[in-house]
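For reference, the structure discussed in these notes is given below.
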Amino acid sequence: MAHHLVEKDTLIRANRTFSLGLVWGGLAVCVMAAAVYDVGHWVGAW
């Protein structure tokens with residue numbers, strides 16, 4: 001039986017951290033894009 005280079009729990013934890021980072025990063029990008037969009041509308045309204 002081959003030995004694993006990385007423990008399974010460590011891999012799962014790293015995978016979860018990476019996935020959550022992608023989700024929260026995407027959410028942050030959406031919030032910033034919405035703010036830029038709204039500011040653009042406010043400036044365009046003048």
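What ³J(HN,Hα) values, in whole Hz, does the Karplus curve 6.51 cos²θ - 1.76 cosθ + 1.60 give for the stretch 34-41 when θ = phi - 60°, with x put for Gly and Pro?
Calculated HN-Hα couplings, in order: 5, 5, 5, 4, 5, 4, x, 5 Hz.
Run lengths n ≥ 4 of DSSP H only: what is the helix-derived mean residue ellipticity at 222 nm for the chain, with -39500 (n - 2.57) per run over all residues, to the nearest 500?
-30500 deg cm²/dmol
Relative to the present Cα-Cα distance, how much length would full extension add between residue 9 and residue 23 at 0.36 nm per residue of separation?
Working it through step by step, the gained length comes to 2.9 nm.
The numbers here are math on the coordinates, done by the rules we state, and not lab data. Fair warning: this is a prediction, and the values are worked out from it, not measured in the lab.
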